[in-house]
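The values are calculated or read from the model by the stated rules, or taken from the named source; none is laboratory data. Since this is a predicted model, take the numbers as computed values, not measurements. All Cβ positions, glycine included, derive from the backbone under ideal geometry; neighbour counts span all protein chains shown. SASA here: full protein model, heavy atoms, side chains in, ligands and nucleic acids out. Shrake-Rupley method; radii C 1.70, N 1.55, O 1.52, S 1.80 Å.
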Amino acid sequence: MGNAIFKLMLRQNLGCIARFHDYIDDALRATLIDEDADSSGVDKAYLRINLEKHFPEKLRETSFLLMFGHLEEMLYLLWRDKNPRSVQQDGGYGIKKFKSYIKDILGELGDNSAYSIIINAQEVRNALLHIAGRVPLSKHKDALKRVAISHPDSYKIENDRIRIELSGLLEFRNAISNLTEEIHNKSICT
C-alpha cells in the first residue's frame with residue numbers, strides 16, 4: 001500500500017469513529033431537548049437519566065473500544081508493511097505485542113506521551129471488556145486505580161467501575177493519531 005494512501009487510512013478510519021461518536025452524542029442531546037411531553041413523570045425521569053448519564057457513558061466506552069480496535073489494526077498493518085528490520089512481535093496482547101517494533105522505529109518509549117497514554121488505555125480497555133469495568137474484580141485493580149488517580153480528567157472510578165471522560169476519549173484519539181503517524185513517518189525514513 002502506498003505511503004500516502006496508508007497515511008490517509010490512518011486518519012480517515014479514526015475520523016470515522018470520532019464522527020460516529022459526535023453524531024450519536026448530538027442525537028442524544030436532541031432527544032433530551034425534545035422529550036415527549038406526553039410521558040409520565042417517572043418515564044421522563046428514567047429517560048433523562050439515561051440520556052444525560054448512561055447513554056453518553058456507553059457511547060464513550062463504545063467509541064473508546066472502536067478506537068482501540070483501530071489502533072491494533074493499524075499497528076498490525078504498520079508492523080506487517082512498514083517494518084524495515086523485520087522485528088518480530090512480542091508475546092502478550094494489545095499494544096504490548098508491538099512494543100519491540102515500536103521501540104525499533106521510535107527509540108526509547110519512556111518519554112513518548114502518546115505511547116504512555118495508550119498503555120494506560122489498554123488497562124482500561126481490558127477492564128471494560130473482561131469485567132465490565134469493575135475495578136474490584138480486576139487482577140490489575142492497583143493499575144486501574146493508578147490510571148484513574150494520575151489522569152483524573154480522563155478516567156474516573158464511580159460505583160467501583162472505571163469510567164472514561166470525554167476529555168479522556170479525545171486524549172486517547174490524539175494519542176492514537178500521533179503514535180501511528182509518527183511510526184508511519186519514521187518507518188518510511190528508515
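Taking R0 as 45 Å, what FRET efficiency do you get between residue 111 and residue 47 from their Cβ-Cβ distance, rounded to the nearest 0.05? Calculated transfer efficiency: 0.45.
Just reorder 180, 31 by solvent-accessible area, largest first, 1.4 Å probe, all chains present.
Values: 180 5, 31 65 Å².
If we order 180, 31 from most to least accessible, we get 31, 180.
Pairs of Lys residues in the chain are counted when their Cα atoms are under 18 angstrom apart and they lie 8 or more places apart or on different chains; the count is 15. Would you mind calculating the relative contact order of the chain from Cα pairs under 8 angstrom and at least 6 residues apart, reporting the percent as a whole number? Dividing the mean separation by the residue count of the chain yields 24 percent.
Placing unit charges on the Cβ atoms only, positive for Lys and Arg and negative for Asp and Glu, gives segment 66-190 a dipole magnitude near 380 debye about its Cα centre.
Taking the 1.4 Å solvent-accessible surface of the chain as the whole, the part contributed by carbon and sulfur is 53%.
Once you reduce segment 165-181 and segment 55-95 to the center of their Cα atoms, the two points are 13 Å from each other. Peptides 48-54, 152-158, ordered by how many other C-beta atoms sit within 10 Å of their residues on average, highest first, read 152-158, 48-54. Once both axes come from the Cα atoms, what is the angle between helix 141-150 and the longest principal axis of the chain, in degrees from 0 to 90, rounded to 10? Once rounded, the angle reads 80 degrees.
Using unit Cβ charges (K, R positive; D, E negative) and no other charged atoms, how large, in debye to the nearest 20, is the dipole of segment 1-112 about its Cα centre?
On the way: 16 positive and 18 negative charges, 151 e Å.
Dipole size: approximately 720 debye.
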